[in-house]
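A.B. asks: Below: one structure in structure tokens.
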Amino acid sequence: MLVMRNGCKDQFSTLSFNMKRFNTILLSLTLTALCVTALAQETSIPPFAKAKSFRTWSLGINAGALAPIAPFGKNDYTNWETDLGYGAYLKKQLSHTLSIQGNFFRGKLNADNENLLGDGSKSTSPLKSFETEIHAAGSITANLSLGNFYWLNRKSIISPYLSGGAGLMSYKTMVTNNAGVVSEYQPNDPIEEVFFPLGAGLKIGLSRSVNLDLAYTMNFVDADNLDGYSSGPQNDKFSYAFAGLEFALGSRSKPQLATHNPVAALEYDYIKRNKDLESQLAAERAKNDAQLQQMATDWARFKNDEDKDGVSDYFDKCPGTPAGAQVDGAGCPLQVTINNPTRTVVITEEDKRVVSEAIKNLEFDFGKTTIRSTSLPSLKRVADLLVSKNFSLKLAGHTDNVGSDAANLKLSKGRAESVKAYLVSQGANPSRIEATGYGESQPIEMNTTDEGRQKNRRVEFTLY
């Protein structure tokens with residue numbers, strides 16, 4: 001119930017003092033938010049992540065100032081006062097910018113006609129003052145975020161938003177007439193009316209899970225009985241300015257969908273992918289450099305023959321043999337006794353089969369003189385044949401017409417020399433092996449097809 005005028009003034013003075021304290025606390029919270037938000041960080045989420053990667057539910061509590069006035073429209077009393085209101089809400093974030101929110105609040109509204117009208121006259125209302133107790137007000141609102149503002153490398157955030165919706169409120173209104181008589185505007189039953197909240201606010205991230213919520217809401221009642229006085233076709237309205245805390249529900253390892261910045265996520269993902277590719281490329285380059293260095297070392301040993309005995313240092317097991325000395329395939333001196341200068345060579349069908357199989361199985365690395373390991377067993381049998389029957393062997397290397405003449409001639413010669421080097425390493429006499437390259441000059445098929453070019457890339461073996 002309302003008290004007498006002096007009591008009302010005391011009550012209004014107390015309310016004014018409380019509102020000043022409330023405004024001071026509100027300002028402190030705002031400044032704290034601007035400082036503390038620098039500590040808030042967001043876990044990187046890949047672009048186009050599903051909703052389950054975020055926290056989309058939140059719970060809020062708030063308190064603030066209720067007043068029976070709005071920035072536009074008429075007011076039925078000349079002097080309005082502020083009272084304390086408080087509430088809570090449950091919010092579901094549907095997207096980065098849109099959310100649906102269920103709200104609940106309670107509080108008081110009061111005003112009187114002690115002030116003069118704008119023309120200096122007193123109000124002609126039969127009522128002196130009113131006080132409305134809002135028992136419960138529930139509403140559903142849609143919130144639209146206008147953007148996320150980041151500072152300090154996206155570690156803090158401020159999100160302005162707009163809200164609007166509809167709800168139902170239950171209240172009791174007490175009025176005091178000019179004679180000082182207090183009565184209930186609608187006795188026995190609380191008043192229930194539809195209202196439409198419309199507001200704007202600002203959310204400031206205090207941490208990964210807590211936001212400061214500052215907002216102002218105009219509430220339009222679908223009736224003219226909120227203040228106990230009906231004075232025309234325009235319905236009543238009231239304002240609610242509040243500060244509150246919003247708590248994100250769910251795992252702390254997930255960021256809030258409302259504060260997530262998809263553009264920043266795209267940029268982060270691009271930078272991360274680029275760094276990963278650079279690391280992989282550097283690792284591949286280092287691996288290739290090591291392989292090239294090893295190949296260069298092996299090739300230098302392979303082509304060098306320091307003692308000039310016809311066996312490269314790569315295979316030579318007896319380096320430093322005298323000039324002109326006959327050596328075996330390992331580069332070691334060979335003792336040769338010639339009893340009969342004449343020699344009869346008999347080549348059997350089995351000998352021809354061994355050589356034919358070696359020719360068929362002979363393969364090199366693409367564009368190189370390196371013999372593939374799959375060809376070595378059949379070449380080993382040729383080497384054993386040369387050693388056991390003291391045959392001589394002519395090796396003729398050939399290529400297709402892909403590439404320059406000079407490159408093909410060099411490649412064919414190198415491949416024939418590689419075969420000779422391997423046979424010598426297996427014990428064959430280097431003086432009985434002749435290696436020659438003919439390049440692309442002696443094709444056995446047309447070079448116009450893959451099959452023809454394949455047949456032209458060959459090394460011919462001739463036993464004698």
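A.B. asks: Only one of these conditions is not met by Val311: (1) touching a Pro at 6+ places or on another chain (Cβ under 7 Å); (2) more than 30 Å from Asn429 (Cα to Cα). Which number is it?
C.D. replies: If we test Val311 against (1) touching a Pro at 6+ places or on another chain (Cβ under 7 Å); (2) more than 30 Å from Asn429 (Cα to Cα), just (2) comes out false.
A.B. asks: Give Gly244, Gly250 a once-over and let me know the one that is modelled with pLDDT of 85 or more and on the phi > 0 side of the Ramachandran plot. Give the derivation first.
C.D. replies: Details: Gly244 fails: on the phi > 0 side of the Ramachandran plot.
The match here is Gly250.
A.B. asks: Given the conditions (1) in contact with a helix residue (DSSP H, G or I) (Cβ under 7 Å, 6 or more places away or on another chain); (2) part of a loop (DSSP other than H, G, I, E, B); (3) surrounded by 15 or more Cβ atoms within 10 Å (Cβ to Cβ), and given that Asn401 satisfies all but one, which numbered condition is not satisfied?
C.D. replies: If we test Asn401 against (1) in contact with a helix residue (DSSP H, G or I) (Cβ under 7 Å, 6 or more places away or on another chain); (2) part of a loop (DSSP other than H, G, I, E, B); (3) surrounded by 15 or more Cβ atoms within 10 Å (Cβ to Cβ), just (1) comes out false.
A.B. asks: Residue check: is Asp227 part of a loop (DSSP other than H, G, I, E, B), in contact with an Asp or Glu (Cβ under 8 Å, 6 or more places away or on another chain) and touching a residue at least 12 places away in the same chain (Cβ under 8 Å)?
C.D. replies: Yes.
A.B. asks: Against the condition more than 23 Å from Ile140 (Cβ to Cβ) and assigned to a strand (DSSP E or B), how does Leu66 come out, does it pass?
C.D. replies: Working: more than 23 Å from Ile140 (Cβ to Cβ): no; assigned to a strand (DSSP E or B): yes.
For Leu66, the condition - more than 23 Å from Ile140 (Cβ to Cβ) and assigned to a strand (DSSP E or B) - is not met.
A.B. asks: Right, another one. Any idea which residue in segment 369-385 is surrounded by the most Cβ atoms within 10 Å (Cβ to Cβ), counting only those that are touching a residue at least 40 places away in the same chain (Cβ under 8 Å) and part of a loop (DSSP other than H, G, I, E, B)?
C.D. replies: Checked segment 369-385; the qualifying residue surrounded by the most Cβ atoms within 10 Å (Cβ to Cβ) is Thr369.
A.B. asks: Going by the conditions given, is Ala406 hydrophobic (A, V, I, L, M, F, W, C) and in contact with a Leu (Cβ under 7 Å, 6 or more places away or on another chain)? Walk me through it before giving the result.
C.D. replies: Details: hydrophobic (A, V, I, L, M, F, W, C): yes; in contact with a Leu (Cβ under 7 Å, 6 or more places away or on another chain): no.
Here the answer is no, as Ala406 does not meet what is asked.
A.B. asks: Which pairs do you get when a residue that is of a type outside the set (D, E, K, R), found in segment 344-367, comes within reach of a residue that is in a loop (DSSP other than H, G, I, E, B), reach meaning Cβ atoms under 7 angstrom, with the pair 6+ apart or on two chains?
C.D. replies: Val345/Phe391; Val345/Tyr464; Phe364/Thr370; Phe364/Arg372
A.B. asks: In addition: Quick check on my filter: what residues within segment 181-224 are within 56 Å of the chain's Cα centre (by Cα) and either in a loop (DSSP other than H, G, I, E, B) or outside the structural domain of Met169 (by TED's automatic domain parsing) (or both)?
C.D. replies: Pro190, Leu206, Ser207, Arg208, Ser209, Asp222, Ala223, Asp224 - these are the residues of segment 181-224 that are within 56 Å of the chain's Cα centre (by Cα) and either in a loop (DSSP other than H, G, I, E, B) or outside the structural domain of Met169 (by TED's automatic domain parsing) (or both).
A.B. asks: Going through segment 334-351 one residue at a time, which ones are at pLDDT below 80 and either within 16 Å of Ile433 (Cβ to Cβ) or of a type outside the set (A, V, I, L, M) (or both)? Break it down into steps so the answer makes sense when it comes.
C.D. replies: Quick first cut of segment 334-351, residues at pLDDT below 80 only: 334-346.
Within segment 334-351, Leu334, Gln335, Val336, Thr337, Asn339, Asn340, Pro341, Thr342, Arg343, Thr344, Val345 meet the criteria.
A.B. asks: Still on this model: Give just the number: which of (1) part of a strand (DSSP E or B); (2) farther than 16 Å from Gly228 by Cα; (3) modelled with pLDDT under 95 does Thr141 not satisfy?
C.D. replies: Of everything listed in (1) part of a strand (DSSP E or B); (2) farther than 16 Å from Gly228 by Cα; (3) modelled with pLDDT under 95, Thr141 misses just condition (3).
The values are calculated or read from the model by the stated rules, or taken from the named source; none is laboratory data. Every value quoted in this text rests on a predicted model; they were computed, and no experiment measured them. Neighbour counts run over all protein chains shown; Cβ positions are idealised from the backbone, glycine included.
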